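Please treat every number below as a calculation from the coordinates, not as lab data. Source: prediction; values computed, not measured. Cβ placement follows ideal geometry from the backbone for every residue including glycine, while neighbour counts extend to all protein chains displayed.
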Amino acid sequence: MIIHCGRKISSKELMQICETVKTFSRLSRNELVHTVCEHLGWYTASGRNKFEACLKLLQRLEAEDFIQLPEKGKGKRGPKNPKELIPTDRTLPQKELNGKLSDIGPVFLRIAQTKDEVSLVNEYLHRYHYLGYKKPFGCHLRYLIKAQDLILGCMLFGGAAKALKQRDQWIGWNAEERLRNLGFVINNGRFLIFPWVNVRHLASHILGKAVRGLLQDWEARWGYRPALLETFVDPQRFEGTCYRAANFRYLGMTSGVGLVRPGKSYTTSPKKLFVYPLVDNFRQVLCSQELIGTEVK
């Protein structure tokens, strides 16, 4: 038996993997990975095949001479550096908006679903967020922040950080539990209120709406309910006041050093780490031995 990415792979399953690779030797590498995932019942929290973890397992077994994988495909690949977003007139600065929440009417979050809405969020983030826009991988949601016909900003939620000492200790995770259940933690990677919008208490008001709607929205899009929300705040730019006002919990400063991997280096600076439990039994979900899916309270 071996343990890989939080999953125990029994001797019987290892034999099945070897047999599968041998039997389906004409499949492409990607098709073979998906086949092994289905045979093992190895899925992410959203129910999709756990492709990356399975691929790394097969590569590990190949390195140890248990199996021989098909050659990597030689098909066409996309450009190494995707075309940079070019701002258009639709995201030009607007007239300054000042006042109180009551002055602008009900504020609501609209999920960016159409191609135009998705590209609009991307363009706004690229143009006005200090971190710019970075394509999210895996499960994610984009929101437009609106009041009447006005767009006030946008938000992006996606996958959580791989490992965080403060978060993982606070949850009570061991390495195996973290690897297995990381999909139940999501990250507020981008939160942008346009620079011409100056409305008191708007940021915390938006965060309150976001955390109240995330469970339903995430489940509708990805088929499961997350248990915990995390976010990072750069102390050189912000205090994190709006997160505190929205009842996020401050866990401390990150180290600024990511998971050590051969050939990888990190230049990030320490950030403030805030978390918000989305369900009452979040520790039970995050420390569970098996994926609970939507069975959270």
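Things to note:
- Long-range amide H partners of G159 with built H, under 5 Å: F137, N187
- ³J(HN,Hα), Karplus 6.51/-1.76/1.60, whole Hz, each residue of the range 282-288, x for Gly, Pro: 4, 5, 4, 5, 6, 9, 5
- Dipole in debye (nearest 20) - the chain, about Cα centre, beta carbon charges: Lys, Arg +1; Asp, Glu -1: 480
- Take the Cα of I3, step 7 Å toward its Cβ, do the same at Q68, and the gap between the two points is 3.3 nm.
- Of L286, L202, L156, the one that fluctuates the most in a GNM where the chain has Cα springs shorter than 10 Å: L202
- For the range 209-222, backbone phi angles converted through the Karplus equation (6.51, -1.76, 1.60; θ = phi - 60°) give residue-by-residue couplings of 5, 5, 5, 6, x, 4, 4, 5, 5, 5, 5, 4, 8, 10 Hz, Gly and Pro being listed as x.
- Pairs from K12/K50; K56/K115; K8/K271; K50/K165 whose Cα-Cα separation, in the structure shown, is over 30 Å: K56/K115; K8/K271
- Trypsin sites (Lys or Arg not before Pro) lying in DSSP loop within the range 122-161, provided at most 14 other Cβ fall within 10 Å: K134
- Once the C-beta distance of H39 and C287 is scaled by a Förster radius of 25 Å, the resulting FRET efficiency is 0.40 to the nearest 0.05.
- Projected over all directions and averaged, the alpha-carbon convex hull of the range 2-63 occupies 3.9 nm².
- Between I9 and I2, I3, H4, the built amide H atoms are under 5 Å apart, and every one of these is 5 or more places off in sequence or on another chain.
- Each principal axis of the range 93-157 carries a Cα extent, and these read 38, 21, 18 Å when sorted largest first.
- Links that overshoot a 18 Å alpha carbon limit, given the list K135/K272; K100/K146; K162/K272: K135/K272
- Applying both filters, DSSP loop and at most 12 other Cβ atoms within 10 Å, to the trypsin sites (Lys or Arg not before Pro) of the range 202-255 gives R237.
- Multiplying the residue separation of N98 and M15 by 0.36 nm and removing their Cα-Cα distance gives an extension gain of 23.3 nm.
- The chain gives an Rg/Rh value of 1.01, both radii derived from C-alpha positions and Rh following Kirkwood.
- Beta bridges from DSSP with both residues in the range 89-286: antiparallel share about 85 percent, rounded to the nearest 5.
- For the chain, the longest site-free run once GluC sites (Glu not before Pro) in DSSP loop states with at most 10 other Cβ atoms within 10 Å are removed: 97-238
- Note on the chain: with a GNM built from Cα contacts shorter than 10 Å, the maximum mean-square fluctuation among K165, K50, K135 falls on K135.
- Of the chymotrypsin sites (Phe, Trp or Tyr not before Pro) in the range 160-251, those whose Cβ has at most 16 other Cβ within 10 Å and which sit in DSSP loop: W196, F238
- For the options G240, G132, G183, a Gaussian network treatment of the chain with springs between C-alpha atoms closer than 10 Å singles out G132 as fluctuating the most.
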